[in-house]
Structures are given as C-alpha cells and as structure tokens.
Amino acid sequence: MLRKVVLTVLLPLACMASFSACTATAVSTNETNQPIDESKLSISETCALLDELGAQHNSQQERALADMAVMARNTQPMIEFLETTIVIFEEAANQTGDSSMRAALLTQINDYQMIKEVLESHSIDDPALATEMQKLKSQLDVDAMPYIESQCPGSIMNPDPDDQ
C-alpha cells in the first residue's frame, strides 16, 4: 500500500519535474509583450538554453533511469535527477530576460527542492514518506511547468504540443 501511495504521488511529481528543454524557433521574442532586457535571453533563447543544458546533462536518460529506480524502490537517482534539473533551471532563470519565464522557472525550482527534501528525509520503506508526499502535493504550484511548456513547445518533455 505504501509503495502504491508513494508511486502515485512521486511519479506524477517526477513527470512535472521532467525538465522542459525547448527549441529555439518555437516562440517569438516578445510574445508576452513584456519588455526584454537586451543583455538577457529572450524566451526562445531561454528555451534553446534549456534544450542545450538538457542535452549536456543527458536529462532524458537520467529521468528514465530515475523513474525505473523509483519503481525498484530506490529514490537516489530521482534525487540526483532533481538536483540536475534544479541546476539547469537556475542557470536559465538567471539568464532569461522575461519576468514571467523567470518566475515560472524559480517556482519550479522551489517545487523540485521541496520534492528532493522529502525524498532525502525518508527511505522509500518509511510509511511517513507517503504522508509527506501527499502533503507536498497540495503545496506544489501546478501552473509553473505548464507555463514553461507553453512557452517552449517542442521541448524534450513535450515534443508534440498537441498532446497536452
């Protein structure tokens, strides 16, 4: 029962954490009509940076391995995946010139950090993990990742924008 609860909470959260790397041509530079700092990246450039960093860190493979490890009752690869994703999103947030994209990236970083902390503080066999994951689920921002995905259609997480 505990395993089922943990997996039903953790896997959807991990899916949200499945980092959103983007193609550089999908979105116009100032689609949100917000001023863009010329020294900072546009949304499309931010998406391209996410894509580049995701490729450098082999994020798709790391995510797949993390999912398999959770199914095998090992959370360490998921913790490592979240750490990598946090680093990638921090770099993109620091470089983007779009305030809405920056806010979404920072919100997602906060969500990933909370998930990571819960995973680090409990073994997968600990009954409290399921309880903590349920509590955490209600604290996460459900709008940040969909915003990032909408701004970066064609990402490795959402390669077909019509599949939303």
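The values are calculated or read from the model by the stated rules, or taken from the named source; none is laboratory data. Since we're looking at a predicted model, the values are computed, not measured. A quick note on method: Cβ atoms are made from the backbone with ideal geometry, for glycine too, and the neighbour counts reach across all protein chains shown.
Scan region 136-164 for residues that are modelled with pLDDT of 90 or more, surrounded by fewer than 12 Cβ atoms within 10 Å (Cβ to Cβ) and not small (Gly, Ala, Ser) and the total you get is 3. The single condition among (1) within 25 Å of Leu129 (Cβ to Cβ); (2) crowded, with 20+ Cβ neighbours inside 10 Å; (3) modelled with pLDDT of 95 or more that Ile79 does not meet is (2). List pairs: first residue in region 68-91 and under 22 Å from Met145 (Cα atoms) and touching a residue at least 60 places away in the same chain (Cβ under 8 Å), second residue charged (D, E, K, R) and surrounded by 15 or more Cβ atoms within 10 Å (Cβ to Cβ) anywhere in the structure, Cβ distance under 6 angstrom, at least six positions apart or on different chains. Hits for this filter: Phe81/Glu62; Phe81/Arg63; Leu82/Lys116. Give just the number: which of (1) touching a strand residue (DSSP E or B) at 6+ places or on another chain (Cβ under 7 Å); (2) not in a helix (DSSP H, G or I) does Asn74 not satisfy? Checking Asn74 against (1) touching a strand residue (DSSP E or B) at 6+ places or on another chain (Cβ under 7 Å); (2) not in a helix (DSSP H, G or I), the one that fails is (1). Would a scan of region 125-135 turn up a residue that is surrounded by 20 or more Cβ atoms within 10 Å (Cβ to Cβ) and closer than 23 Å to Asn58 by Cα? The answer is no; no qualifying residue exists. Asp111 meets the stated requirement of being in contact (Cβ under 8 Å) with a residue 12 or more places away in the chain, surrounded by 19 or more Cβ atoms within 10 Å (Cβ to Cβ) and of a type in the set (D, E, K, R).
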